[in-house]
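Structure first, commentary second.
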Amino acid sequence: MKIHEYQAKEILARAGIRIPEGRAARTPDEVAAAAEALGFPVVVKAQVHVGGRGKAGGVKLAASPDEAKAHGAAILGMDIKGLTVQKVYVERAADYAGELYLGVTLDRDRRRPVVMLSTVGGMDIEEVAEASPEKIARAWPNPLFGLMGFEARELCLAAGVPQAQRAAVAEIARTLYEQYFATDATLIEINPLFILRDGSIMAGDAKLDVDDNALHRQAALSALKEVSPDEQAEERARELGFSFVQLDGDVGIIGNGAGLVMGTLDAVRNAGGNAANFLDVGGGAREAVVKAALEIVLANKRVKSVLINIFGGITRGDEVAKGILAALEETRPRVPLVIRLSGTAAAEGRALLQSARLASRATMDEAAAEAVRLAKSA
């Protein structure tokens, strides 16, 4: 579960981490009123459960009530990676001299949380990791003891944090590590972590993703859960037990098995296209499952074609084909479908699909190429 920046900042503030003063707003008039109350300059920030707000134009600096109102009007209703901005956060702009990145997430290879610190703040940490991995310092504390003081100081030294700020940053790192466990987070980060001109430290942004499986013991955080109209497809997929992630492309993806779906995304990319989603229906591909999966994928208006990639192991390919055909009798897709069947009775399944004039391909690469072609010609 994701929460908004201002909600994550409130959690950090209660833990003792300094944040800028700010207020949430839902209308341009509320933006102007919040800006006047806070004093200028202010920053108007889109509040959506996705990153990349700044690059999308969802973060603007304002020096007057009229400018703040205009920014609010422009940002509210904006589409950022498929999500519509329904509220913004207005906060007092920070007078900063430097930016750091600080985050805690799970390192699956080492099977323990990793603390990451970098002096290249304000950028996507994934980009930094790819282009300049040496600029990210990492620590893997023993979860039984937490991030010890000496480990936090070593992390600051390895990252190249200025000496004057090392003690403060080390203490914030320890607090953030504690909050990672206290909130049952899968990710908690501050990016950027400002070094202000007076030398003090302040959280310029905050992100907190909570493990859905732990919400039963996180009553306060569960109360913050919001499902926008743009996120209803993901919520329905979660309720049905599907693994679903919305992406930025226009080729819808349905498959059975996480590895197969990941391979399908790669095949679409290799064919020159971009996947609109990751959707793993799990072990079965029965009529009701296919129907529900199609409805979820087609809810995304950017989808121009759908690739259904099913491997029949215990499930027979001809039974899968019958399920797809039955589902299509109720769900009339607005875009072309491409189906790839492999495994048990796959040939019989493809014959059934071809008789119904559905595009069927024998290999994943052929199916991906056809789905990309159809999306580009739409």
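Here, each number is a calculation from the coordinates, and none is a lab measurement. Source: prediction; values computed, not measured. Cβ coordinates were reconstructed from backbone atoms using ideal geometry, including for glycine residues, and neighbour counts include every protein chain displayed.
Just a few scattered comments:
- Relative packing of peptides 70-76, 12-18, 297-303, 218-224 - highest average C-beta neighbours within 10 Å first: 70-76, 297-303, 12-18, 218-224
- Net charge dipole size for the chain [Lys, Arg +1 and Asp, Glu -1 on Cβ; Debye, nearest 20]: 480 debye
- Within a Gaussian network of the chain (alpha carbon springs, distance under 10 Å), most fluctuating of Ile314, Ile324, Ile80: Ile314
- Most fluctuating residue given options Asp198, Asp209, Asp280, as computed from a GNM of the chain linking Cα atoms under 10 Å: Asp198
- Amide proton proximity set for Gly98, modelled H, under 5 Å, gap of 5+: Ile195
- Of every Cα-Cα pair in the range 96-222, the percent that sits beyond 21 Å: 37 percent
- Reciprocal of mean inverse Cα separation for the range 21-92 (Kirkwood radius, Å): 11.4 Å
- The mean sequence separation of alpha-carbon pairs under 8 Å and at least six residues apart, normalised by the residue count of the chain, gives a relative contact order of 12 percent.
- Computed on the range 152-277, the Cα convex hull volume stands at 187 Å³ per residue.
- Scanning residues 5 or more positions from Ser360 or on other chains, those with amide H under 5 Å from its amide H are Ile339, with H placed 1.01 Å from N in the peptide plane.
- Kirkwood radius and radius of gyration were both taken over the C-alpha atoms of the range 1-121, and their ratio Rg/Rh is 1.01.
- Farthest toward positive dipole pole in the chain [+1 Lys/Arg, -1 Asp/Glu at C-beta], among Ala33, Ile172, Ala375: Ala375
- Gain upon complete extension [Asn142, Ala214; 0.36 nm per residue less C-alpha separation]: 23.8 nm
- Taking only the Cα atoms of the range 86-137, the ratio Rg/Rh comes out at 1.09, with Rh defined as the Kirkwood radius.
- Förster radius 45 Å - calculated FRET efficiency between Leu240 and Glu21 (Cβ-Cβ, nearest 0.05): 0.60
- Phi to ³J(HN,Hα) by Karplus 6.51 cos²θ - 1.76 cosθ + 1.60 over the range 271-282, Hz, x for Gly, Pro: 7, x, x, 9, 6, 8, 6, 10, 9, 10, 7, x
- Given the alternatives (1) 73, 50, 39; (2) 55, 54, 41; (3) 56, 43, 40, Cα extents along the principal axes in Å as computed for this entry is given by (1).
- Evaluating 6.51 cos²θ - 1.76 cosθ + 1.60 at θ = phi - 60° for every residue in the range 104-119, the Karplus couplings come out as 10, 8, 8, 9, 5, 5, 8, 6, 7, x, 10, 9, 10, 9, 8, 7 Hz, glycine and proline recorded as x.
- Rg over Rh [alpha-carbon atoms, Kirkwood Rh] for the range 229-377: 0.92
- Note on the chain: GNM, Cα springs under 10 Å; of Thr183, Thr264, Thr315, the largest mean-square fluctuation is that of Thr315.
- Within the shell of other residues whose beta carbon sits under 14 angstrom from the beta carbon of Ser243, the net charge comes to -3, with Lys and Arg scored +1 and Asp and Glu -1.
- Distances between placed amide hydrogens fall under 5 Å for Ile17 paired with no residue 5 or more residues away or on another chain.
- Residue-averaged [θ]222 nm for the chain, counting only DSSP H segments that reach four residues, each worth -39500 (n - 2.57): -12000 deg cm²/dmol
- Phi to ³J(HN,Hα) by Karplus 6.51 cos²θ - 1.76 cosθ + 1.60 over the range 87-94, Hz, x for Gly, Pro: 7, 10, 10, 9, 9, 5, 5, 8
- Furthest towards positive pole of dipole, Ala73, Val303, Gly122, structure part the chain, Cβ charges: Val303
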